[in-house]
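One structure below.
The values are calculated or read from the model by the stated rules, or taken from the named source; none is laboratory data. For clarity, every value in this text was computed on a predicted model and none was experimentally measured. Reconstructed Cβ throughout: ideal geometry from the backbone, glycine too, with neighbour counts over all protein chains shown.
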Amino acid sequence: MKKLCLVLIVFACLSALAAAQAVAAPAAQPAAPAAAQPAPQANGQVVEEIITRVNNQIITRSEFERSKDQLRDEVKQQNSKDPDKSFAEREKDVLRDLIDQQLLLDKGKDLGITGDTDLIKQLDQMRKDMKLDTLEDLEKEAAKQGISWEDFKQTQRNQIITRKVIGEEVSSHLSVTKEEEQKFYDDHKSEMEGPEFIRLSEILVAPKASAPAAAPAANDPNSPAPAPAAQPVVDDAALSAAEAKANDLLKQIHDGASFEDVAKKSSDGPSAADGGALGVFKRGQLAKELEDKTFAMKSGEVTDVIRAKQGFIILKVVDHQMAGIPPFKDALPKIQDALYYEKLQPALRAYLTKLREDAYLDVKPGYVDSGASPNQTKPIETASAQTDVKKGRKRHKKLGIL
């Protein structure tokens, strides 16, 4: 659904799930050289420095520093010209985004959202995209890249939970009127103007090569020079079989089968996992024969079977936009996305502010939550709370707070 898709866009702006950032201690209070390291206890144990408490959870200094490092890497990729400026602009929101994430995860628990089923589906889709046989193979691939499998799964689960919370609590309450859509179209027509393009999807059927004839033995006295490696042979029978299969797939599509489903199941192309999606093409980017065929077609139309170098292909024109300003109906999906995005940002920030006001939230002096609400209640430990801490009992949300 469009609203839920917009949630993914918002997280790119909040950076709450991938690279949350925060403000370090003020310059007036210079840190000691070893401040970035956890403080050792008298008995030699290393203890994490807690910089923020969010309800029953904590945010540590190492999490905070790791998030800043992730942000620094991110801005280098996004803005190679002036990454330091981009980092400085976004660094102030590191702690805010870490707190945002924890508040949303806590709300997910209140709503009974676990994300377990969606996590399995998401991991399985990753497996398919990487053309791996089992989830165990995916786990091994993660290990090869130095990624903790459990940490990776928890990160994915957290993303699912936060998306669902935002979908249920924020985006589902947003609406866009026809008048707003028309006004946006009228106000942004010049920005929508562009060249003619088509969006294509492909089904490829590659002929199966037969095994090559055995090469002469290397020690054969009649073959003094090493023979080149024999290449697989594609004979007429293999070509005929591939063409027949392609025609059968085309018939399935004409009979009502989904092009995308057929591509996922039967295409030999690298785009099969994506339903055959090839992307957008302008005039001059395709071979002349393919350009003449596809640019003469309308959105949703499918070509006949076409002989290509790799085998036999079937192309679908997913979208065909003419040069100039697209008609209102064609631009409507993008208009709705833009309007929802405009509304979702402030609505989500207002929602997160309200969560702060209802939470037990304590930020260590020297750190700043840039999303703090003026109506937040500063946690104050009562004598009973301090006694409980000494006895080793954990305090729960809102307990020991005046």
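For E291, the conditions (1) among the acidic types (D, E); (2) over 27 Å from the mean Cα position of the chain (by Cα); (3) outside the structural domain of S201 (by TED's automatic domain parsing); (4) surrounded by 15 or more Cβ atoms within 10 Å (Cβ to Cβ) are fulfilled apart from (3).
Restricting attention to the range 68-95, the residues being in a loop (DSSP other than H, G, I, E, B), under 25 Å from D362 (Cα atoms) and without any contact (Cβ under 8 Å) to a residue 24 or more places away in the chain number 0.
Kindly provide the set of residues from the range 308-322 that are in contact (Cβ under 8 Å) with a residue 12 or more places away in the chain and over 30 Å from E193 (Cβ atoms), ordered by number. Those that are in contact (Cβ under 8 Å) with a residue 12 or more places away in the chain and over 30 Å from E193 (Cβ atoms): A308, Q310, G311, F312, I313, I314. I want to confirm something. Restricting to the range 319-353 and keeping residues that are among the small types (G, A, S) and assigned to a helix (DSSP H, G or I), which single residue is surrounded by the fewest Cβ atoms within 10 Å (Cβ to Cβ)? Looking at the filtered set, the residue picked out is A350. Among the residues that make up the range 288-296, is at least one of them in contact with a Ser or Thr (Cβ under 7 Å, 6 or more places away or on another chain), touching a residue at least 40 places away in the same chain (Cβ under 8 Å) and aromatic (F, W, Y)? Looking through the range 288-296, none of the residues is in contact with a Ser or Thr (Cβ under 7 Å, 6 or more places away or on another chain), touching a residue at least 40 places away in the same chain (Cβ under 8 Å) and aromatic (F, W, Y).
Go through the residues of the range 340-350 one by one and say whether even a single one is closer than 30 Å to E260 by Cα, of a type outside the set (S, T, N, Q) and modelled with pLDDT of 90 or more. Yes, because at least one residue in the range 340-350 is closer than 30 Å to E260 by Cα, of a type outside the set (S, T, N, Q) and modelled with pLDDT of 90 or more. For K131, are the conditions met, namely being touching a residue at least 24 places away in the same chain (Cβ under 8 Å), charged (D, E, K, R) and not in a helix (DSSP H, G or I)? Considered against the rule, which asks whether it is touching a residue at least 24 places away in the same chain (Cβ under 8 Å), charged (D, E, K, R) and not in a helix (DSSP H, G or I), K131 comes out as yes.
Being closer than 27 Å to V317 by Cα, in contact with a Phe, Trp or Tyr (Cβ under 9 Å, 6 or more places away or on another chain), surrounded by 14 or more Cβ atoms within 10 Å (Cβ to Cβ) and touching a residue at least 40 places away in the same chain (Cβ under 8 Å): is that true of L174 here?
Judged against the criteria, L174 is not a match.
Condition first: assigned to a helix (DSSP H, G or I) and either among the aliphatic types (A, V, I, L, M) or touching a residue at least 40 places away in the same chain (Cβ under 8 Å) (or both). Now tell me which residues in the range 255-273 satisfy that. Residues satisfying the conditions are F259, E260, V262, A263, S266, A272, A273. Exactly one residue out of R199, R163 is under 22 Å from the mean Cα position of the chain (by Cα) and part of a helix (DSSP H, G or I), and it is R163.
Scan the range 355-396 residue by residue and report those that are surrounded by 14 or more Cβ atoms within 10 Å (Cβ to Cβ) and modelled with pLDDT under 90. Once the filter is applied, which keeps residues that are surrounded by 14 or more Cβ atoms within 10 Å (Cβ to Cβ) and modelled with pLDDT under 90, the range 355-396 yields Q376, T377, P379, E381, A385, D388, R395.
Inclusion of I306 among residues that are over 17 Å from I203 (Cα atoms) and out of contact with any Pro (no Cβ under 9 Å at 6 or more places or on another chain) is not warranted. For the range 178-207, a residue qualifies if it is in contact with a Leu (Cβ under 8 Å, 6 or more places away or on another chain) and at pLDDT below 95, and exactly one does: P207.
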